[in-house]
Each structure stands twice: as structure tokens, then as C-alpha cells.
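Got a structure for you, written out below as C-alpha cells; questions coming shortly.
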Amino acid sequence: MQHTAWGRPYKIIVKKRGGYGAPPGILTPRGPTETRVESEEFLLEVKFPSLDIDTPEVPTNDAIPEVGSVDNATEEEIAQSLRRRNNKLAPGSDMIRWKHLKILHKKQPTVLKELMNACLKYRVFLVEWKEAYISFIPKGDKPLEEPGSYRPISLLSCLGKRLETLIKNRLRDNDEDSQFGFRKGKSTEDCLSKVVESIETFKQDNALVATVSLDIRGAFDHVYHHRVIEEMIESKTASYLIALVRDYFRDRRVAVATKSRVVDRGCPQGSVLGPKLWNLVYNVVLRLLKMLGITTFAFADDTLLLIPAQTIEELQVKI
């Protein structure tokens with residue numbers, strides 16, 4: 001991968017850290033890393049570990065009930081999506097940029113439509129679109145020697161992202177009302193406004209309110225694929241979309257300059273579809289909290305619980 005192909009995530013590293021990728025000196029069980037290559041290889045193992053527990057198999061295509069029919073893409077749908085894409089964004093390992101796809105669609109508008117519709121019809125996510133080149137981005141001002149101070153961002157094929165967008169746009173919005181992240185028409189301001197409104201309501205009832213904030217560590221990287229498929233089946237998602245997402249997860253690879261590995265869990269950070277699939281799985285948790293009578297607000301994986309009570313003693317018991 002040539003450095004000239006890298007986009008904004010890498011420019012952030014260059015500007016703030018004086019070079020590409022993770023720096024030397026990251027702490028490992030064997031001592032600090034000595035080179036950038038060693039740092040990236042170590043972080044790849046840490047951020048994308050193999051499953052160390054037995055988990056249920058991802059449901060097979062035979063287990064997916066036939067629901068709905070294929071909703072084909074149109075030339076105009078593809079054109080609108082391409083217009084919203086920034087030509088400066090980094091490409092995936094195939095080196096095909098958004099500007100290349102825009103030129104192709106302008107000259108031969110049926111090509112992308114036929115390619116995408118073939119993927120929808122045959123329920124295939126091409127293997128070449130599943131490889132993610134990983135850029136490790138420092139989290140704010142956290143210590144650079146700590147492995148937990150880096151967020152893995154996936155640089156993915158623009159063609160693959162085009163298909164991801166088609167899939168995402170065809171998934172129904174079944175997210176819980178308490179989820180404000182990755183949803184059209186909802187924002188952090190909306191979430192904060194609802195939090196304040198709920199607290200004011202509790203105060204009018206002379207209730208004490210405790211707030212519990214949850215931040216799920218490595219949320220996107222630890223999503224079990226079988227849970228995504230099971231939730232899609234439970235919500236009666238169209239069968240061709242379930243089969244596509246199943247294939248989307250199968251044999252995915254992550255790579256740095258000198259090493260790659262297969263990943264068997266997680267939603268790629270930097271993908272189009274990942275946030276929607278996260279919301280789909282997290283709905284189960286939000287529904288459970290709702291059944292328990294707990295007022296909950298979520299923005300992606302950041303979750304706030306409001307727990308009311310009439311006395312300190314009752315509040316302590318509930319917490």
C-alpha cells in the first residue's frame with residue numbers, strides 16, 4: 001500500500017504524530033515495540049483477537065426463511081449516493097477511488113447498477129471487498145505506549161461500500177426509541193434534551209434520580225455475527241438481505257502492511273453497514289432495560305441509565 005493512497009485518517013496521524021501508523025514503543029508482554037511494523041502487527045493481534053470461547057454457529061442460508069423479494073438498485077439511486085461521496089476519502093486495497101466510480105457511472109451508467117443488482121440477486125458480497133486495511137488512530141491525548149489508546153479504522157473498497165449502502169438503505173428502521181446514534185433525524189442534542197426532560201419529570205414527582213453511564217469497551221469489535229443474523233431473522237428482514245449480511249461477515253480479513261488475519265466477529269469501524277448492524281444487536285439490550293422499567297438513552301454504545309427512587313435506601317437497592 002503506497003502512502004500516497006492514504007486519506008484523511010493517515011493525514012491526522014502525520015500531522016499529530018509525525019508519521020504513518022502506530023509509533024514504536026507500544027507496551028507488549030515481551031516489552032516495548034521497536035519499530036512501527038512491530039507496533040502495527042501487535043495492535044492487529046490485540047484489536048482483532050481470535051474467539052477464545054465457543055459460540056453458536058452463524059445460521060446457514062437454509063435456516064433463513066424466505067421473506068420478501070429483491071429490491072433492485074436504480075441508476076438514479078447509485079448516482080445520488082456517488083454525489084455524496086468525497087473524492088479525497090481513502091480507497092481500499094483495490095485502489096479504486098470514488099472519483100473513478102463517478103467517472104465510470106457518468107460514461108457507462110448501467111455498469112454499476114448491473115454489478116450491484118447481481119450481488120443483490122445472487123446474495124454475494126465479493127471477497128475482494130471484504131479485506132480491510134487497518135489504520136490505528138490515536139484516541140485523543142491518551143498515552144501512546146498503551147495499546148488501548150488506539151482505534152482501528154478500516155479502509156475498505158469503495159465498491160464494497162457502495163453495496164453496503166444499498167443493503168443499509170433496504171433495512172427497516174426497527175431501532176428502539178432510546179437509541180439516538182446512527183439514525184437519521186436524531187442527534188446528540190436530541191438525546192441530551194430527552195435526558196434533561198426525563199430528569200425534570202422525575203423531579204416534579206419528588207423522586208431522587210441516579211445516573212449510571214455505560215461505555216462498552218470494544219463494542220464494534222466484539223459483535224458476534226450469529227447474533228446479528230438471528231436478530232435479522234427475528235425482525236423478519238428480507239431473506240436476500242440476511243443472506244447478503246451473512247456473506248458480508250464470512251471470511252473477512254484485516255491487514256496491515258506486513259500481516260493479515262481472518263476476523264470471526266465484529267463490525268468494521270469505518271464501514272457503512274457496521275453502525276446499523278450494531279444498533280440491530282444492541283436493540284436486544286435496550287428492550288430488556290425497557291422491560292425492567294429503566295429509563296435508558298443510548299448513542300451508539302454510550303448508554304445512560306436513569307434510576308428514580310423515593311428514598312436514598314431505595315435508590316441504593318436499585319443500583
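The values are calculated or read from the model by the stated rules, or taken from the named source; none is laboratory data. Everything quoted here is computed from the prediction, not taken from an experiment. Ideal geometry is used to build each Cβ from the backbone, glycine not excepted, and the neighbour counts take in all protein chains shown. For accessibility, only protein heavy atoms count, side chains too; no ligands or nucleic acids. Shrake-Rupley method; radii C 1.70, N 1.55, O 1.52, S 1.80 Å.
Under 10 Å, Cα contacts only: if you run a Gaussian network model on the chain, which one of 133, 122, 282 comes out with the highest mean-square fluctuation?
Of 133, 122, 282, the most mobile in the Gaussian network model is 122.
In square angstrom, rounded to the nearest 10, how much accessible surface does residue 216 have for a 1.4 Å probe?
It works out to around 60 Å².
How many angstrom lie between the Cα centre of the range 113-136 and the Cα centre of the range 271-319?
Each part's Cα centre sits 34 Å from the other's.
Once phi is turned into θ = phi - 60°, what whole-Hz ³J(HN,Hα) does the Karplus curve with 6.51, -1.76 and 1.60 give for every residue of the range 262-271, x standing for Gly and Pro?
7, 10, 10, 7, x, 10, x, 6, x, 7
Summing Lys, Arg as +1 and Asp, Glu as -1, what charge do residues with Cβ under 11 Å from the Cβ of residue 286 carry, residue 286 excluded?
With Lys, Arg at +1 and Asp, Glu at -1, the net is -1.
Suppose accessible area is computed on protein heavy atoms with a 1.4 Å probe; arrange 167, 153 from highest to lowest.
153, 167
If you don't mind, another one. At each listed q (0.17, 0.24 Å⁻¹), what is the log10 of I(q)/I(0) that the Debye formula gives for the range 200-301 modelled as equal alpha-carbon point scatterers?
Rounded to two decimals, the profile gives -0.87, -1.37.
So, with +1 on the Cβ of K and R and -1 on the Cβ of D and E, and no other charges, what is the size of the charge dipole of the chain about its Cα centre, to the nearest 20 debye?
Working: 48 positive and 43 negative charges, 357 e Å.
It comes to approximately 1720 debye.
Between 109, 29, 275, where does the largest GNM mean-square fluctuation fall for the chain, given springs only between Cα atoms within less than 10 Å?
29
Can you work out the Karplus-derived ³J(HN,Hα) for every residue in the range 198-214? Use 6.51 cos²θ - 1.76 cosθ + 1.60 with θ = phi - 60°, whole Hz, and x for glycine or proline.
Running phi through 6.51 cos²θ - 1.76 cosθ + 1.60 with θ = phi - 60° gives 5, 5, 4, 5, 4, 5, 5, 8, 6, 9, 7, 10, 9, 10, 10, 9, 10 Hz.
From the phi of every residue in the range 236-244, what ³J(HN,Hα) in whole Hz does the Karplus formula 6.51 cos²θ - 1.76 cosθ + 1.60 yield, where θ is phi - 60° and glycine or proline is x?
Using θ = phi - 60°, the values come out as 6, 5, 3, 4, 5, 6, 4, 5, 5 Hz.
In the structure shown, do any of 47/121; 276/318; 47/102; 113/184 have a Cα-Cα gap over 29 Å, and if so which?
Checking Cα-Cα distances, 47/121; 276/318; 47/102 exceed 29 Å.
Using Cα centres only, tell me the gap between the range 43-107 and the range 137-186 in whole Å.
13
Longest segment of the chain with no GluC sites (Glu not before Pro) in a DSSP loop having at most 11 other Cβ atoms within 10 Å? Intermediate results must be reported in sequence, preceding the final value.
Values: sites that count: 34, 57, 66.
That would be 67-319.
A further question on this structure: Per residue, how much accessible surface does the chain expose to a 1.4 Å probe? Answer in Å², no decimals. Don't skip to the end; give the middle numbers.
On the way: 17010 Å² over 319 residues.
Solvent-accessible surface per residue comes out at 53 Å².
Right, here's the next one. Looking at the range 100-258, I'd like the Rg to Rh ratio, where Rg is from alpha-carbon atoms and Rh is Kirkwood's inverse mean 1/r. Walk me through the numbers before you get to the answer.
Numbers: Rg = 20.6 Å, Rh = 19.5 Å.
Rg/Rh: 1.05.
Given the options 290, 121, 184, which has the most mean-square fluctuation in a GNM of the chain, springs set between C-alpha atoms less than 10 angstrom apart?
It is 184.
OK, next. Can you tell me the FRET efficiency between residue 206 and residue 291 if r is taken as the Cβ-Cβ distance and R0 is 22 Å, rounded to the nearest 0.05?
It comes out at approximately 0.30.
Same structure again: For the chain, what is the calculated [θ] at 222 nm in deg cm²/dmol (nearest 500), taking -39500 (n - 2.57) for each run of four or more DSSP H residues and dividing by its residue count?
It lands at -12500 deg cm²/dmol.
Taking Cα pairs under 8 Å and at least six residues apart, what relative contact order does the chain come out at, in percent?
In percent, rounded to a whole number, it is 23.
While we're here: Once amide H atoms are placed 1.01 Å from N in the peptide plane, what residues at a sequence separation of 5 or more from residue 252, or on another chain, have their amide H within under 5 Å of its amide H?
Amide H to amide H, under 5 Å and 5 or more residues apart or across chains, residue 252 pairs with 263.
Amide H of residue 137: which non-local residues (sequence gap of 5 or more, or other chain) have their own amide H closer than 5 Å, using H built in the peptide plane?
Here the answer is 151, 153, since their amide H atoms fall under 5 Å of that of residue 137.
Right, next: Could you pull the accessible area for residue 98 with a 1.4 Å probe, rounded to 10 Å²?
Surface open to solvent at residue 98 totals about 0 Å².
Sticking with this one: In Å, the Kirkwood hydrodynamic radius of the chain over pairs of distinct alpha carbons?
Across the chain, the inverse of the average 1/r is 21.8 Å.
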